[in-house]
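The values are calculated or read from the model by the stated rules, or taken from the named source; none is laboratory data. The shown structure was predicted, so the numbers you read here are calculated from the model rather than taken from an experiment. Reconstructed Cβ throughout: ideal geometry from the backbone, glycine too, with neighbour counts over all protein chains shown. These area figures cover heavy atoms from the full protein model, side chains too; ligands, DNA and RNA do not enter into them. Shrake-Rupley method; radii C 1.70, N 1.55, O 1.52, S 1.80 Å.
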Amino acid sequence: MVLFPMHTLPRGLAQRKIRKEAAVGGDTLFEAAPFLQVGMFPDHPAVSDFNGDGIDDIAVSDRAGGVQVLLGEGDGAFAPPVFYPAGGNPQGIATGDFNRDGVPDIFLADGEDNQVAILLGNGDGTFQSPLFFPAGTQPTEITVGDVNGDGLPDVVVNQLFDTTIAVLLHTNQGGLATPVFYTVNVNPSAIQIADFQP
């Protein structure tokens, strides 16, 4: 699957493939796809099954102040985007099950308001009003994972124009703890969680 974080997304997101004999080595190429308008200032995409129908859906952070959700229709097409307000200028986006109900939720890094926004999924492709948590200074990238081994999804965000990242642990009470900062390098711009010491 190919995602295009631009003002438009290709309608089929290049899910369909064709083989061109002229391609070097006979590699499979993506066919051209029509484009679909997605909000005012779309930035980062994330993919998950938000309505439980077994078809991938898309959430795209919109720097106009929220997130656009496009439900997959199963044929490479998507329903029109639905906008959910969530902060001043969200950029980074991730998905995870924050409240452990088996339904994917949306996590946003909002660098304008220095916060993380979490929209809990209802299981039918719609989302609740966002929960907001302080997240340092200008968080623009976000990832979700269990960083302390308690089985709960924690949040890690960068600090743009700084030398640190911020770790926000799940409180197991429906919230995120006060961020703890770790020095990394100047202007951290991307984050991944992995186990390098299994």
With the Cα gyration tensor of the range 62-129 in hand, convert its eigenvalues to equivalent ellipsoid semi-axes via √(5λ) and list them largest first in whole Å. 21, 16, 9
In nm, the gap between the two label points placed 7 Å beyond Cα toward Cβ at residue 172 and residue 146 is 1.2
How large is Rg over Rh for the range 77-165, taking Rg from the Cα atoms and Rh as the Kirkwood inverse mean of 1/r across Cα pairs? 0.99
Sequence-distant residues sharing a close amide H with residue 171 (under 5 Å, placed H): 176, 177
Against the empirical 2.2 N^0.38 Å scaling, what ratio does the C-alpha Rg of the range 33-102 come to? 1.11
Between residue 181 and residue 100, what's the calculated FRET efficiency when r is the beta-carbon distance and R0 is 25 Å? Round to 0.05. 0.40
What list of ³J(HN,Hα) couplings, whole Hz, do you get for the range 182-198 from phi and the Karplus terms 6.51, -1.76, 1.60, once you set θ to phi - 60° and write x for glycine and proline? 10, 6, 10, 6, 6, 6, x, 10, 8, 9, 9, 10, 8, 9, 9, 10, x
Cβ-defined net charge surrounding residue 169, 13 Å radius [Lys, Arg +1; Asp, Glu -1]: -3
So for the range 134-187, using the alpha carbon gyration tensor with a ≥ b ≥ c as root eigenvalues (a/c under 1.5 gives rounded; past that, a/b versus b/c decides prolate or oblate), I'd call it prolate
Rounded if a/c is under 1.5, else prolate if a/b beats b/c, else oblate: with a ≥ b ≥ c from the C-alpha gyration tensor eigenvalues square-rooted, which is the range 47-198? prolate
For a protection proxy built on the mean count of beta-carbon atoms within 10 angstrom, sort 67-77, 137-147 highest first, please. 137-147, 67-77
Charge sum, other residues only, whose C-beta stays under 13 Å from residue 148's C-beta, Lys/Arg counted +1 and Asp/Glu -1: -4
Can you compute 3J(HN,Hα) from phi for each residue in the range 105-121, using the Karplus curve 6.51 cos²θ - 1.76 cosθ + 1.60 with θ = phi - 60°, rounded to whole Hz and x for Gly and Pro? 10, 10, 10, 10, 9, 10, x, 6, 9, 6, 8, 10, 10, 10, 10, 6, x
Note down the magnitude of the dipole of the range 75-198 about its Cα centre, charges +1 on Lys and Arg C-beta and -1 on Asp and Glu C-beta and zero elsewhere, to the nearest 20 debye. 160
Starting from the Cα gyration tensor of the range 118-164, take the square roots of the eigenvalues, sort them a ≥ b ≥ c, and report rounded, prolate or oblate (rounded when a/c is under 1.5, otherwise prolate if a/b is larger than b/c, else oblate). oblate
Measuring with a 1.4 Å probe in the full set of protein chains, what accessible area per residue, in whole Å², belongs to the range 45-198? 45
